[in-house]
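What follows is a single structure, written as structure tokens, with notes after it.
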Amino acid sequence: MPDPTIVILTGAGISAESGLGTFRDEGGLWARHRIEDVATPEGFGRDPDLVHRFYNARRAQAATARPNAAHRALARLQAALPGAVHIVTQNVDGLHEAAGAREVLHMHGRLDRALCGACAHRWPAPAEMHRSDPCPACGAAATRPDVVWFGEMPHGMERIWGLLESASLFVAIGTSGEVYPAAAFVEEARASGADTLELNLEPSSRISEFARARFGPATEVVPAWVEELLAG
Ligand code: OAD
């Protein structure tokens, strides 16, 4: 294989079979919680305790989740093609890393990190986070989860756009394609001449923009695709 650059975007669907809920499927998180209450800076400003309760519960759930065969297959692919496989995730869980993935770009942040709203210092999140927890750097009581809310800039975008420009293959796994900027990655990769593949339970709203697709549970379609790719 001549110097591939494979960019893999993952979404909540890859962690669904590890027991973590998706957002927009029936009974998903956004059917039970209002985005504007728990995933915006304005919501946090109005009711920080509610927002902390929401993320404390998600952190507790993520802490007991185990990576599944799809996470493990991506880690295997990354190890087999050193430097060529870039995992960009919208997920705030740590299941890619728990499966052994090394380079993972968490564009929507991480549940296991805390962020000071006053000085932007970051530190490992306690199991239970509260607004009044003092920042270890500046002492302010402005602690928030280090996750990206609607209206905020996702992390690492310059690096991600650069990777998409040089991608030979872009693969989206378990994401509905409803949230920008991630929803635009397939278009960017295509414009740069990359092959594009969607692996999802069912066609996403971006399906017409992908050259190829395979549908089924991530724990089946992802390991099968990785095996084929490595078999060459
Ligand atoms: P969504 O809940 O929008 O989409 C989940 C996708 O996973 C859907 O396309 C499902 O069909 C698919 N899916 C469900 N179970 C699956 C399985 N077992 N195997 C494979 N695919 C499966 O989640 P995301 O696209 O990740 O952002 O959502 C994107 C962003 O919206 C999240 O990062 C979050 C949310 O609001 C913020 O909170 C900023």
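The values are calculated or read from the model by the stated rules, or taken from the named source; none is laboratory data. These numbers were taken from a predicted model, which means no experiment stands behind them. Cβ coordinates were reconstructed from backbone atoms using ideal geometry, including for glycine residues, and neighbour counts include every protein chain displayed. Each accessible area value is taken on the protein alone, full model and side chains, heavy atoms only, with ligands, DNA and RNA left out. Shrake-Rupley method; radii C 1.70, N 1.55, O 1.52, S 1.80 Å.
Quick check: residue separation of Arg131 and Ser208 times 0.36 nm, minus the Cα distance between them. What number comes out in nm?
This chain segment gains 23.4 nm when fully extended.
How many Å² of accessible area per residue for the chain, probe 1.4 Å?
Working: 10680 Å² over 232 residues.
With the other protein chains kept in place, the chain gives 46 Å² per residue.
Could you check how much of the accessible area of the chain is carbon and sulfur, as a whole percent, using a 1.4 Å probe?
Roughly 52 percent, rounded to a whole number.
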Q. Per the Debye formula with a single identical scatterer at each Cα and no solvent contribution, what log10 I(q)/I(0) holds for region 1-105 at q = 0.10, 0.12, 0.19, 0.21 Å⁻¹?
A. -0.35, -0.49, -0.96, -1.08
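Quote to one decimal, in nm, the extra length available between Met153 and Glu220 on full extension: 0.36 nm per residue of separation minus the C-alpha distance between them.
Working: separation 67, 0.36 × 67 = 24.12 nm, distance 3.30 nm.
Here the answer is 20.8 nm.
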Q | Cβ-based net charge around Thr40, under 10 Å, with every Lys or Arg adding one and every Asp or Glu removing one | A | -2
(Q) How large is the translational diffusion coefficient of region 105-147 in µm² per second when you combine the Kirkwood radius over alpha carbon pairs with Stokes-Einstein at 25 °C and 0.890 mPa s? (A) 243 µm²/s
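Would you work out the relative contact order for the chain, in percent, from Cα pairs under 8 angstrom that are 6 or more residues apart?
On the way: 442 pairs, mean separation 53.9, N = 232.
Taking the mean separation of contacting Cα pairs over the length of the chain, I get 23 percent.
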(Q) Please list, in order, the residues from region 161-195 whose amide nitrogen is less than 17 Å from a point placed 7 Å along the Cα→Cβ vector of Arg122. (A) 161
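If you count, for each residue, the other Cβ atoms within 10 Å and average over each peptide, how do 144-151, 56-63 line up from highest to lowest? Write out the running numbers ahead of the final one.
Numbers: 144-151: 18.4, 56-63: 16.2.
In decreasing order of mean packing, 144-151, 56-63 become 144-151, 56-63.
How long are the three semi-axes of the equivalent ellipsoid for region 32-175, computed from the Cα gyration tensor as the root of 5 times each eigenvalue, in whole Å, largest first?
Here the semi-axes work out to 29, 17, 15 Å.
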Q | Cubic angstrom per residue, convex hull over Cα atoms of region 54-104 | A | 64 Å³
Q) Any idea what Rg and Dmax come out to for region 158-231 if you just take the C-alpha atoms, in Å? A) 12.1, 34
Q. What are the extents of the Cα atoms of region 72-128 along their three principal axes, listed from largest to smallest and rounded to whole Å?
A. 41, 20, 16
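Past the 15 angstrom mark, what percentage of all C-alpha to C-alpha distances in region 119-196 do you count? Provide the component values of the computation, followed by the final result.
Values: 1993 of 3003 pairs.
Result: 66 percent of Cα pairs exceed 15 Å.
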